[in-house]
Amino acid sequence: MNSLKKNIISDSLWAVCGQLISFSIILVSNIWLARLLSPGEFGKISIVMFFISIANMFVEGGLSGALIRKKDVTPDDYSTVFIFNLALSLILFTAISLLAGHISRFYHDDSLQLLLIAASLILLIHSFSIIQNARIIKDLKFKQKSLYRIISVFFGAIVGILLAYFDFGVWSLVCMQITIALINGILLWIREGSFFSLNFNKHSFKDLYQFGINTTIYSISRTFFENIYQMILGKYFSLTQAGLYYQSNKLLSIPGNIIDIISQNVIFAHISKLQDNKAEFIVLHNKIALFLFVLMGFISGIIYIYAEQFVLLILGIKWIESIFYMKILTIIFFIYYQEQINLIIYKTFNKTNIMLFTEVVKRILQIFSIIFSIIYLNILFLFISNIIINIISYSFNFYFSRKVLNDASLYTFKKMLTTIAVILISVCPVLYINQFINYSIYFQFITLPLFTLIYFRLLNILDVFDLRKEILDARSIFFQQ
């Protein structure tokens, strides 16, 4: 158990370090781009990337996850997934190219047509590196994965900033995304080995498909509804509102991506090896879930308190209206990523049918809330209802995931409820104090140590989480001889 914990800690640190460095590069480039480009141009890229993200879920969907989970992967397995994803990416590239004109007319913006066709090249690029990416996760090579990500983001950011500086407008954002995908793919081929095999095995596909189909549909649904709000804002409100939402969501996706990589890549790759030892799995999963819950609570509290400061510091005064989206999305972010931790249970024990069922229920509720919001053109209801739906969905997921584990204990759930109460208690006094700090809007960060102290001290007093003890435990495990 200690050896497994050590590996999880080590790989998580590499994943976090990689994401933090990538975050720094993205942050600097985003500050620059936000000053060179308008919210309307970011609104356009939000629409373009919506369709690319959905299509990319087909290409990078559940079959790669099935490769990671499978204990004994054969060359036929890799070859079958490669052929399937390559064929699918070609179909999707063609489909987007044919539909691009209709999409641009729907949004009354002819420039979207070429933008969509160009951005869909990302699908073809990803299809040629899907096997290397699955291998690198399966082999737990998170250090290398982080390095490839940092290099590709660095050069992509340079391309984007240079093109924006020379007045290429929204094309700078599209070219940046293509460059990131291309360089990452090249690095995977050079460093992790080329792969081009045309051997399609029906039995292998059937075996992988059984696991992959549910996770693929889930991923597509997740990506669709994560991005649908910017589409609605762009169509029924304005491209400026879509751009404000897109930038807020993009900033929040940085800590979100860190949590995603840790939970769905690092933790899943390690903890899925305990699928034959359910008792040990439950102990380790509960410990990890509580740690991530506390971590996300801390991050969410900071973002919510200092949303205005983050927007002004990173994006500038012309993005001031995005503060509303930042605060709303912070709450959704906190609840949503609790669900992602439960997904590890479904995927480890091959109960992805339950995962898909809870997803369908959630999205049906979401569709009704979206329709109502469009009819009455009410932005506030659109996002408040999303918060409520995410709370309902998390409750469903927690219940069913415990059924899979045959674990009726509410011990972890009670600790999580206590953590939520602690977040509220910690945030309120800091928000109140900040109202009286008028010397400088950035000077309000002086209250950050107060929030940190209240948050972790209350968690310790209420016997939820002892930060000092956890650090000492992690150090003793990691540095043991």
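Work out from phi, with θ = phi - 60° and the Karplus expression 6.51 cos²θ - 1.76 cosθ + 1.60, the ³J(HN,Hα) of each residue of the stretch 341-353, listed in order in whole Hz, and give x for Gly and Pro.
5, 5, 4, 4, 5, 4, 6, 5, 9, 6, 10, 5, 5
Pop a pseudo-label 7 angstrom from the Cα along the beta-carbon direction at both residue 399 and residue 448 and give the gap in nm to one decimal.
That separation, rounded to one decimal, is 4.1 nm.
Hand me the chymotrypsin sites (Phe, Trp or Tyr not before Pro) from the stretch 217-259 located in a DSSP loop with no more than 11 other Cβ atoms within 10 Å, in residue order please.
Sites meeting the loop and neighbour criteria: none at all.
Exactly which GluC sites (Glu not before Pro) in the stretch 281-381 are in a DSSP loop and have at most 16 other Cβ atoms within 10 Å?
Answer by residue number: 321.
Can you tell me the length gained on complete extension of the stretch residue 414 to residue 349, counting 0.36 nm per residue apart and subtracting the Cα distance?
20.9 nm
How far, in nm, would the chain grow between residue 308 and residue 240 when pulled straight, counting 0.36 nm per residue and subtracting the alpha carbon separation?
22.6 nm
Treat each spin label as a single point 7 Å out from the Cα along the C-beta direction, and report the residue 295 to residue 387 distance in nm.
That separation, rounded to one decimal, is 2.5 nm.
Between residue 191 and residue 275, what is the label-to-label distance in nm when each label sits 7 Å out along the Cα-to-Cβ direction?
My value for the distance between the label points is 2.8 nm.
Stretched out fully, how many nm does the piece from residue 158 to residue 200 gain, at 0.36 nm a residue minus the Cα gap?
Full extension from residue 158 to residue 200 adds 11.2 nm.
What are the extents of the Cα atoms of the stretch 80-231 along their three principal axes, listed from largest to smallest and rounded to whole Å?
On the principal axes, the stretch 80-231 reaches 48, 33, 28 Å in Cα extent.
Readers should treat all values here as calculations from the given coordinates under stated rules, not as data from a laboratory. Predicted model, so just to flag it, every value in this text is computed and none were measured. Note: ideal-geometry Cβ built from the backbone for every residue, glycine included; neighbour counts use all protein chains shown.
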